[in-house]
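Notes follow once the structure below has been shown.
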Amino acid sequence: EICLKHIFAKYCTPKVDQSVTPDNELLVPPPNAYFAEEDLQKWALATNGEPFSDETKEEVIEFFDVTDDNNLTFKGFMQLYQLQTENEEKETWKDLETHGFDKTLALVKS
């Protein structure tokens with residue numbers, strides 16, 4: 001959960017000032033942070049190399065926890081990763097590695 005909070009904090013709204021965080025220190029999203037559509041697409045691009053399709057965005061809104069404005073909450077982000085991990089654990093490990101974590105879940109690069 002701490003690793004996913006760090007990843008979420010890198011892209012969420014309101015923004016986390018990463019310039020004041022030392023390298024390899026985990027970020028924490030602010031209370032009530034969310035992924036607006038632009039945040040979601042930046043995260044998808046950084047994680048998968050391409051933004052989500054309209055269909056995938058609609059599925060995120062339909063199946064995971066979102067705000068009244070259809071922005072993905074951290075709870076929804078956790079739900080997304082729970083589902084992915086149950087179905088494709090290797091994909092979750094790949095995502096964690098992409099975002100700088102090693103197999104012991106230590107942040108080795110930001």
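In the chain, the calculated helix contribution to ellipticity at 222 nm averages -15500 deg cm²/dmol per residue, counting -39,500 (n - 2.57) for every DSSP H run with n ≥ 4. Lys-Lys pairs in the chain that are eight or more residues apart or on separate chains and whose Cα atoms lie under 18 Å of each other come to 18.
Tally Lys/Arg at +1 and Asp/Glu at -1 over every other residue whose Cβ is under 13 Å from the Cβ of residue 51; what's the total? List each step's numbers first, then the result.
Numbers: positive: 42, 57; negative: 37, 38, 39, 50, 54, 55.
Local charge sum for residue 51: -4.
Order the following by accessible area, largest value first: 61, 2. Probe radius 1.4 Å; ligands, DNA and RNA are ignored. Could the numbers behind the result be given before it?
On the way: 61 70, 2 115 Å².
I get 2, 61, largest accessible area first.
Given a 1.4 Å probe and the protein chains as shown, residue 52 ends up with an accessible area of around 40 Å².
When only Cα pairs below 8 angstrom with a gap of at least 6 residues are kept, region 1-83 shows a relative contact order of 27 percent.
With +1 on the Cβ of every Lys and Arg and -1 on the Cβ of every Asp and Glu, and nothing else charged, how large is the dipole of the chain about its Cα centre, in debye rounded to the nearest 20?
Numbers: 10 positive and 23 negative charges, 112 e Å.
Approximately 540 debye in magnitude.
Close amide H contacts of residue 36 (hydrogens built in the peptide plane, cut-off under 5 Å, sequence separation of 5 or more or a different chain): 13. Remark: accessible surface ordering of 95, 68, 17 (largest first) is 68, 17, 95, probe radius 1.4 Å.
With a simple spin-label model that places each label point 7 Å from the Cα along the Cα-to-Cβ direction, the separation between residue 91 and residue 26 comes to 2.4 nm.
Determine the dipole magnitude for region 1-52: charges of +1 sit on the beta-carbon of Lys and Arg, -1 on that of Asp and Glu, nothing else is charged, the reference point is the Cα centre, and the result goes in debye to the nearest 20.
Details: 4 positive and 8 negative charges, 12 e Å.
About 60 debye.
The values are calculated or read from the model by the stated rules, or taken from the named source; none is laboratory data. Nothing here was measured: the structure is a model prediction, and the numbers come from that model. Methodologically, a virtual Cβ is constructed for each residue, glycine included, from the backbone with ideal geometry; neighbour enumeration extends over all protein chains shown. The protein model used for the area step is the full one, side chains on, heavy atoms only, and it has no ligands, DNA or RNA in it. Shrake-Rupley method; radii C 1.70, N 1.55, O 1.52, S 1.80 Å.
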